[in-house]
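The values are calculated or read from the model by the stated rules, or taken from the named source; none is laboratory data. On a predicted model such as this, the values are computed, not experimentally measured, just so you know. Because the Cβ atoms are built from the backbone with ideal geometry, glycine has one as well, and the counts that use them run over all protein chains shown.
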Amino acid sequence: MLERFTDRARKVMALANQEAQRLNHEYIGTEHILLGLVKEGSGVGANVLKNLGADLPTIRNEIKKLVGPGHDPTPILKLPQTPRAKRVLEYAIEEARRLDHNYIGTEHLLLGLLREEASVAARVLTGLGVTLDAARQEVSGLLETGVERTPPRPPWQPPPGPGSELIARAMELLEQAKDEAVNEAHYERAAEIRDAAEYLRMMLDKKPR
């Protein structure tokens, strides 16, 4: 599932994990995904919320009213997702399919949050006047005006020459390791692997041919 997420959508999930830990929660719920979405700040989803008048301080305060922080810091680094949070991701995939997109972006996560109507995130958003229909219209408008969507990049090809097959295999293993980390909700590790792969690509592209 998460291999189709854009970099920004993956960042949202990493921030959701951080927000859950900051609130001393032992789970990732819809409220944490919403906080991650707004905190990411530059994706289509965040821009939709800004345009509809929902900002991070207000959303954070509303979430605190509904759930509040936990009592003790959680020692768990890999936090599990609640059933509602998992359904949000499934809805996000459906929304991407409905828009004929081959990637899952922050806009799809936002629409997925709103579709899980009984969730904390949806209750907060609807209380702030953000409805599913309004969000869908705003998403369509932003995409039509060319707001950056950062779809997944095409597979990188190593420069031709000695060792190119070995390099390609190493990059493939890094990509697999990143996907495994994401699937296991180790988002910080996934980001580290991604950064290592990006650095390797950069160095190889600079190498004289």
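May I ask you to verify whether P69 is under 19 Å from S119 (Cβ atoms) and in a loop (DSSP other than H, G, I, E, B)? Against the criterion (under 19 Å from S119 (Cβ atoms) and in a loop (DSSP other than H, G, I, E, B)), P69 qualifies.
Scanning segment 7-43 for residues that are modelled with pLDDT under 85 and buried (at least 24 other Cβ atoms within 10 Å of the Cβ) returns a single hit, G43.
Looking at G53, G70, just one residue is modelled with pLDDT under 85 and at positive phi, and that residue is G53.
Taking the options R97, R115, name whichever one is free of Cβ contacts under 8 Å to residues at least 40 places away in the same chain, surrounded by 15 or more Cβ atoms within 10 Å (Cβ to Cβ) and of a type in the set (K, R).
Values: R97 fails: surrounded by 15 or more Cβ atoms within 10 Å (Cβ to Cβ).
After ruling out the rest, the residue left standing is R115.
A92 - would you say it is surrounded by 15 or more Cβ atoms within 10 Å (Cβ to Cβ), modelled with pLDDT under 90 and of a type in the set (G, A, S)? Judged against the criteria, A92 is not a match.
Somewhere in segment 13-25, is a residue among the basic types (K, R) and farther than 19 Å from L111 by Cα? Walk me through how you get there before you give the answer.
Just the residues of segment 13-25 that are among the basic types (K, R), to begin with: 22.
From what is left, the residues that are farther than 19 Å from L111 by Cα are 22.
Yes, segment 13-25 has at least one match.
Summed over segment 81-135, the residues that are of a type outside the set (D, E, K, R) and not in a helix (DSSP H, G or I) give a count of 14.
Does segment 97-118 hold any residues that are among the small types (G, A, S), modelled with pLDDT under 90 and under 22 Å from R10 (Cβ atoms), and which are they? Walk me through it before giving the result.
Narrowing segment 97-118 to residues among the small types (G, A, S): 105, 112, 118.
In the following step, the residues that additionally are modelled with pLDDT under 90 were identified as 105, 118.
Hit for segment 97-118 is G105, nothing else.
The set of residues from segment 21-53 being aliphatic (A, V, I, L, M), closer than 21 Å to E116 by Cα and in a loop (DSSP other than H, G, I, E, B) comprises just one member, L52. Of everything listed in (1) loosely packed, with under 15 Cβ neighbours inside 10 Å; (2) assigned to a helix (DSSP H, G or I), the single unmet condition for I63 is (1).
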